[in-house]
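The values are calculated or read from the model by the stated rules, or taken from the named source; none is laboratory data. Computed from a predicted model, the values in this text were never measured in an experiment. Every residue, glycine as well, gets a Cβ built from its backbone with ideal geometry; the counts of neighbours run over all protein chains shown.
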Amino acid sequence: MNEDLDNEIEAINSIYGDNSLIISNEHDIYVLHLPQHDASLRLRFPRDYPATPPAVLGTESSGEHSRKGEAAHVVEIFRDVLGELYRPGEVCLFDVIEEVNNLLPDTNGEDEVTEDALPIQYEAEAADVAEGEVKTVEEPPWTLSEIVVESKSVFIARSAPVSSPSQANSYLQHLLDNDKKVRSASHNMTAWRIKGENGVTYQDCDDDGETAAGGRLLHLMQLMELWNVMVVVTRWYGGHQLGPKRFSIINTVARDAFVKGNFVKEDPVPKKKGKR
């Protein structure tokens, strides 16, 4: 097994739960249990993956509650998404799973969210109305960083544009309410900087148990001169203490999310002063 594949298997199993991606009894063939669907797929990873894409061989199991032809539809969707997202030399399975989850309905019912499960989100909406803002409940426009795996701990960051503290709070609550793998993570560290009307500014952060991590994220945003954006860095603890190195990784994935979200403005090239 190559290192890239080994790290990706650790990441998938940390994010979606143990045994989400396991090797079968056949050489180089793995079984992927889709997190929001009954079906499981058979994948073959070539020895030089990710230089060469994985192959989708078919279904391992169609699930107890699937309808006739549904498993074949899942395979077709997965192959199409894999073909669109795969780039030579880049691991892709996490992005493919997330996109397939977006395209397919949840058939296991575990992610169903009722109004009773969203009290904080509705409180945030009420606060927006009190402030005279009109807010719609919609999927936050997250931009995801690359996944970083270090000693079995998994890190990923999400960034999104925000225009008020209440919107930032509602985005975070939406993420926690609707994504069980994020909700079950060891830490969800946050920071945001917002410029409001009349020059009023807002800055806030939360460590979520990872001491000083939120403040370091906020400091990174200050150094990068970022405004009207928030970041959530999620960590699944892998059982090994990382020491100060964890802060470098947290900042690395946060910066990657900012860059991928086009929040970073390139500085103009300074003009050289000529001699007189």
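Annotations
- Residue check, Phe258 more than 26 Å from Asn7 (Cβ to Cβ) and touching a strand residue (DSSP E or B) at 6+ places or on another chain (Cβ under 9 Å): no
- Taken as a whole, the condition of being modelled with pLDDT of 90 or more, surrounded by fewer than 17 Cβ atoms within 10 Å (Cβ to Cβ), on the phi < 0 side of the Ramachandran plot and not in a helix (DSSP H, G or I) does not apply to Gln222.
- Counted residues, the stretch 198-215 - those being within 21 Å of the chain's Cα centre (by Cα), in a loop (DSSP other than H, G, I, E, B) and not acidic (Asp, Glu): 1
- Qualifying residue in the stretch 1-22 (condition: more than 24 Å from His73 (Cα to Cα), part of a loop (DSSP other than H, G, I, E, B) and over 22 Å from the mean Cα position of the chain (by Cα)): yes
- Residues that are surrounded by 18 or more Cβ atoms within 10 Å (Cβ to Cβ) and out of contact with any helix residue (DSSP H, G or I) (no Cβ under 7 Å at 6 or more places or on another chain), drawn from the stretch 143-160: Ser153
- Residue check for Gly89: at positive phi and modelled with pLDDT of 85 or more: yes
- Residue match in the stretch 27-47 (condition: over 30 Å from Arg183 (Cβ atoms), at pLDDT below 85 and loosely packed, with under 14 Cβ neighbours inside 10 Å): yes
- Filter result (under 20 Å from Ser163 (Cα atoms) and without any contact (Cβ under 8 Å) to a residue 24 or more places away in the chain) within the stretch 202-220: Gln203, Cys205, Asp206, His219
- Among residues of the stretch 1-26, those that are more than 15 Å from Glu60 (Cβ to Cβ), surrounded by 13 or more Cβ atoms within 10 Å (Cβ to Cβ) and of a type in the set (A, V, I, L, M), counted: 5
- Residue within the stretch 191-200 that is touching a residue at least 40 places away in the same chain (Cβ under 8 Å) and either touching a helix residue (DSSP H, G or I) at 6+ places or on another chain (Cβ under 6 Å) or not assigned by TED's automatic domain parsing to the domain that holds Phe94 (or both) present: yes
- Just one of the listed residues (Thr59, Thr52) is closer than 16 Å to Phe78 by Cα and either of a type in the set (Val, Ile, Thr) or not assigned by TED's automatic domain parsing to the domain that holds Asp80 (or both), and it is Thr59.
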